[in-house]
Amino acid sequence: MTIRFAIIGTNFITDQFIDALQQVNGAKLQAVYSRTLETAQAFAQKHNAKQTFTDLKALAQSSDIDAVYIASPNSFHLTHAMTLMNAGKHVLCEKPLAVNSVQLQAMVECAKANNVTFMEALFTTHLPNYQQIKQYLPELGKIHRINASYCQYSSRYDKYLAGENPNTFNPEFANGSLMDLGIYTVFPVLDLFGKPDDIISTGIKLDSGVDGCGEMLLTYKKQALIAHLSHSKINHSVFHNEIQGEKASMVIEHISQLRSVKLHYKDGSEKDISVEQNSNVMFYEVAHFVELILQQKIESPINTWQLSANVMKVLDKARQQQGITYPCDKLISND
């Protein structure tokens, strides 16, 4: 059986997804969706896709499509995912799955009701070096502090400063530093250590209404642990990430891609525990998602719905503390 994929979104991350998909047995690219026919056709020709769609309902109803990878702007995730899942399509949706917790819960219930596979496309937790991190955590002894940072200057910030209104800094698309990069720091911390007791967040809010950069402090009282998380799209950093324990610290290069992982012991000795990874870091999550479909499992045991929900609650709280709201928050809300 071959799982036939359509993709929504025609940017660099979709190129990377397609490259990963081509490396996975039992899956292939079938179609490209875009709001404009010209863009859809150009992208389909680039990647040898047989079909193009400009109408979401037509894509959802197509008998030639089994699964869809959604890489549209965050504000479209809810509508795109639920339309597709209600038509029986499996959905791999880019992070964050939704804009807020209420939307996320509605999407999960939709997946359950339609018995389709639904997973958040955050690749970090699928990487071989992430398994190394989990395996070697006990060597650190009791862990008290975590530093995690993802600060990467966005080329679109130059356009923003020039007076343009790129998607990255436009609240209509529910983007910004926290939702785009900050989530990469939150996801592994909550997976490894669970939900925090307290969350303190601050940031720099741009005139457009989204955050340019920010900080979060997560406190785990019973574990005597604090996690300091940094994110930014308006400055660059080469800061390495670190998990600090009483016996040793673990230094991680790049919080999302986990390029290397090293242990530094109190006696000054070091151990490189990195393993070789596919040059396309999306390969592992794509292979996992395809395997879930073939095994008729609707929820990932790695990127679980509960983990996604826990992460979303942290993002909700951080946005609330910083006064960041998006127009699409009102699509489904508690109000």
Number of the exception - ALA111 against (1) under 30 Å from ASN241 (Cβ atoms); (2) in contact with a Phe, Trp or Tyr (Cβ under 6 Å, 6 or more places away or on another chain); (3) not charged (D, E, K, R): (1)
Criterion (at pLDDT below 95 and farther than 30 Å from LYS271 by Cα) met by exactly one of ASN167, ASN74, ASN114: ASN167
Matching residues in the stretch 270-293 - criterion: being closer than 16 Å to LEU122 by Cα, outside any loop (DSSP other than H, G, I, E, B) and not β-branched (Val, Ile, Thr): PHE283, TYR284, GLU285, ALA287, HIS288, PHE289, LEU292
Selected residue (only one of VAL261, VAL286, VAL275, VAL290 is touching a strand residue (DSSP E or B) at 6+ places or on another chain (Cβ under 9 Å) and surrounded by fewer than 14 Cβ atoms within 10 Å (Cβ to Cβ)): VAL275
Out of ALA81, ALA113, sole residue that is surrounded by 21 or more Cβ atoms within 10 Å (Cβ to Cβ) and not assigned by TED's automatic domain parsing to the domain that holds GLY245: ALA81
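Conditions (1) part of a helix (DSSP H, G or I); (2) in contact with a helix residue (DSSP H, G or I) (Cβ under 7 Å, 6 or more places away or on another chain); (3) within 30 Å of VAL261 (Cα to Cα), marked per residue:
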| position | (1), (2), (3) |
| --- | --- |
| VAL99 | no, yes, no |
| VAL102 | yes, no, no |
| GLU109 | yes, no, no |
| ALA113 | yes, no, no |
| GLU120 | no, yes, yes |
| THR125 | yes, yes, yes |
| HIS144 | no, no, yes |
| TYR150 | no, yes, yes |
Odd one out for ILE234, checked against (1) part of a strand (DSSP E or B); (2) within 20 Å of the chain's Cα centre (by Cα): (1)
Qualifying residue in the stretch 12-21 (condition: of a type in the set (A, V, I, L, M, F, W, C), out of contact with any Pro (no Cβ under 8 Å at 6 or more places or on another chain) and modelled with pLDDT under 95): yes
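Kindly indicate which of LYS317, LYS247 is more than 26 Å from VAL24 (Cβ to Cβ), assigned by TED's automatic domain parsing to the domain that holds GLU215 and touching a residue at least 60 places away in the same chain (Cβ under 8 Å).
Values: LYS317 fails: assigned by TED's automatic domain parsing to the domain that holds GLU215.
The unique qualifying residue is LYS247.
The values are calculated or read from the model by the stated rules, or taken from the named source; none is laboratory data. Keep in mind that what you see is a predicted model, and the values were worked out from it rather than measured. Reconstructed Cβ throughout: ideal geometry from the backbone, glycine too, with neighbour counts over all protein chains shown.
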